[in-house]
Structures are given as structure tokens and as C-alpha cells.
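Visitor: Structure below; questions to follow.
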Number of protein chains: 2
Amino acid sequence: MTSFAPRPPPPYYAVIFTAQNRGTSPAEYASTAQRMMTLAAEQPGYLGVESAHEASGFGITVSYWSSLEAIAAWRANVEHTLVRERGRAEWYSGYELRIAKVERAYGFRAAPGEVG
Amino acid sequence: MTSFAPRPPPPYYAVIFTAQNRGTSPAEYASTAQRMMTLAAEQPGYLGVESAHEASGFGITVSYWSSLEAIAAWRANVEHTLVRERGRAEWYSGYELRIAKVERAYGFRAAPGEVG
């Protein structure tokens with residue numbers, strides 16, 4: 001499922017996770033990534049997620065959170081911590097992680113009749 | 001070209017652009033997107049970009065900038081402004097744009113021998 005995250009009023013936080021996947025055990029990776037999406041959505045302060053992946057294995061996942069405390073709690077989640085360790089050991093050749101405070105946000109939707 | 005942006009010391013700014021492409025005139029869209037990447041990279045305060053697109057047309061592009069002033073100047077660029085108008089009229093069924101201040105950043109690279 002790829003779609004837009006909700007548009008809460010700023011300020012809130014974004015975790016920008018950019019990763020290069022090695023392509024190891026793709027089915028297991030996909031199910032684990034899906035599990036992490038589900039688990040993240042259950043955490044206090046979770047606001048939404050957006051994710052896109054190239055066929056090359058390069059991907060960006062941006063998750064949105066109400067506060068730095070919510071991000072720290074998700075980071076400390078035991079299952080998430082174990083999966084991060086597997087990510088470094090098995091799945092990713094590299095990643096970048098940035099924590100950023102969303103200060104402004106806006107969106108656009110084409111009128112239904114305009115969508116070609 | 002999909003790869004990681006550099007890792008300058010925070011704080012700096014991220015423009016998180018998440019869009020659903022309609023699939024109209026894909027070749028022209030791709031060349032215009034490439035032109036915008038090149039033009040952005042020439043702007044003062046540009047720090048880098050990361051981009052990933054699904055086959056469905058859902059994509060995320062995160063560009064990084066030294067300041068809000070640099071982002072405002074890029075937004076005011078005439079060629080960029082015309083392309084944004086075309087984006088709304090022709091290419092995108094919807095998008096979300098978030099401007100966020102990067103407060104923390106770190107990365108990981110597997111040791112060369114580990115990359116499977």
C-alpha cells in the first residue's frame with residue numbers, strides 16, 4: 001500500500017529513512033517491513049507513513065510522529081530494535097536516517113474530473 | 001541515479017515531496033524531473049537530494065537545503081515555478097509537501113566484505 005500520510009497541523013516530526021537494500025531474502029524482508037509498518041502504527045504518537053522503493057532496492061520511508069519522545073519510544077521498542085540489528089547485518093548495504101521537525105506542510109489534489 | 005545525499009552536520013532543512021503521478025507523458029515527465037534535479041543542484045544552499053519511485057507512480061523526493069531562505073529562493077525560481085504549474089495541471093493527481101528542519105542525522109554502511 002503506497003499512499004499519502006495524513007496532514008496534521010505542524011509542528012510534528014518526520015523520520016526520513018533512506019536505505020539501499022542488498023536484495024537478500026526479499027520475501028522475508030517484505031514481510032518484516034510490513035510487520036514494522038503495522039507495529040509502528042500501533043505506537044503512541046504515530047501520525048502516518050509514506051514509502052517508495054525503486055526496483056534497484058533503493059527506498060525512502062518517511063514516518064511521522066507527534067514528538068521526539070514518541071520517536072525515542074519507537075526506537076526503544078524491543079521488536080523494532082532486533083529488526084534494526086538484522087537490517088544492518090543482513091538487509092541493508094547502507095542507510096541514512098534523519099530526524100526533522102516539520103514546520104510547514106501543504107498538499108494538492110487534482111479535481112476528480114481532471115485526473116487523466 | 002538513485003543514491004544517498006551527503007551528510008552535512010545539522011541543522012539544515014529537508015523538503016519532503018511525496019507525489020502520485022498520473023502517468024501522463026512519462027518520457028517528458030522524466031526529462032523534466034531530471035532537468036529540475038539538475039537546476040536544483042545549481043541553486044545556492046542546495047545540499048543534496050534523495051528520490052525513490054514506485055512502478056505505480058507514487059514517489060518520494062527529499063531535497064536538502066542549508067536554510068529556509070535557500071528553499072524560498074528555489075521556490076521562486078521562474079523555471080521551477082512554471083514546472084510546478086504543469087505538475088498540478090498535467091502530471092500529478094496529488095502531492096504532499098513538507099518543509100522540515102533536520103535536527104539529527106546518522107548513517108550506516110556495511111563493511112565492503114559484508115555486502116552480499
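Visitor: In Å, what Kirkwood hydrodynamic radius results for the protein assembly as shown from the alpha-carbon pair distances?
Guide: Numbers: mean 1/r = 0.0546 Å⁻¹.
For the protein assembly as shown, inverting the mean 1/r across all distinct Cα pairs yields 18.3 Å.
Visitor: Roughly speaking, what % of Cα-Cα pairs in chain B are separated by over 25 Å, rounded to a whole number? Could the numbers behind the result be given before it?
Guide: On the way: 1791 of 6670 pairs.
In whole percent, the long-distance tail amounts to 27.
Visitor: In nm, what does the list of distances from residue A:37 to its counterparts in the other copies look like, shortest first, when each label sits 7 Å along Cα to Cβ?
Guide: Distances between equivalent label points, in nm: 2.4.
Visitor: Could you order peptides B:73-86, A:79-92 by the average number of other Cβ atoms within 10 Å of their residues, highest first?
Guide: Working: B:73-86: 13.3, A:79-92: 15.1.
Per-residue mean Cβ counts within 10 Å order the peptides as A:79-92, B:73-86.
Visitor: Give me the percent of the accessible area of chain A that comes from carbon and sulfur atoms, probe 1.4 Å, all protein chains in place. Don't skip to the answer; put the middle values down first.
Guide: Details: 3380 of 5620 Å².
Result for chain A: 60 percent of the exposed heavy-atom area is carbon or sulfur.
Visitor: Measuring from label point to label point, each 7 Å out along Cα→Cβ, what is the residue B:72 to residue A:76 span in nm?
Guide: 3.9 nm
Visitor: Work out the mean other chain Cβ neighbour count within 10 Å for the residues of A:47-59 and drop it here as an integer.
Guide: Values: counts 0, 1, 0, 7, 5, 12, 7, 7, 4, 3, 2, 8, 5.
So the per-residue partner count for this stretch is 5.
Visitor: Can you list the distances in nanometres, one decimal and ascending, from the residue A:72 label point to the identical position in each other copy, with the point 7 Å along Cα to Cβ?
Guide: Between copies, matching label points for residue A:72 lie 3.3 nm apart.
Visitor: Here is a further query. Sort shortest first the distances from residue A:3 to its counterpart in every other copy, using label points 7 Å along the Cα-to-beta-carbon line, and give them in nm.
Guide: For residue A:3, the inter-copy label distances come out at 3.6 nm.
Visitor: A further question follows. Only four residue types carry charge here, +1 at the Cβ of Lys and Arg and -1 at the Cβ of Asp and Glu. Report the dipole size of segment B:1-112 about the Cα centre in Debye, rounded to the nearest 20. Walk me through the intermediate numbers first.
Guide: Working: 11 positive and 10 negative charges, 45 e Å.
My answer is approximately 220 debye.
Visitor: Once the other residues with Cβ under 11 Å from the Cβ of residue B:103 are scored (Lys, Arg +1; Asp, Glu -1), what is the net sum?
Guide: Values: positive: A:98, A:101, B:101, B:104; negative: none.
Net charge in that neighbourhood comes out at +4.
Visitor: Estimate for me the total accessible surface buried between chains A and B (protein heavy atoms, probe 1.4 Å, no ligands or nucleic acids), in Å² to the nearest 100. Mind dumping the intermediate values first?
Guide: Values: alone 7810 and 7800 Å², together 11240 Å².
Separately minus together, A and B give about 4400 Å² buried.
The values are calculated or read from the model by the stated rules, or taken from the named source; none is laboratory data. This is a predicted model, so every value here is computed, not measured. Note that we place each Cβ from the backbone using ideal geometry, even for glycine, and neighbour counts take in every protein chain shown. To get the accessible areas, we keep the full protein, side chains included, count just its heavy atoms, and leave off ligands, DNA and RNA. Shrake-Rupley method; radii C 1.70, N 1.55, O 1.52, S 1.80 Å.
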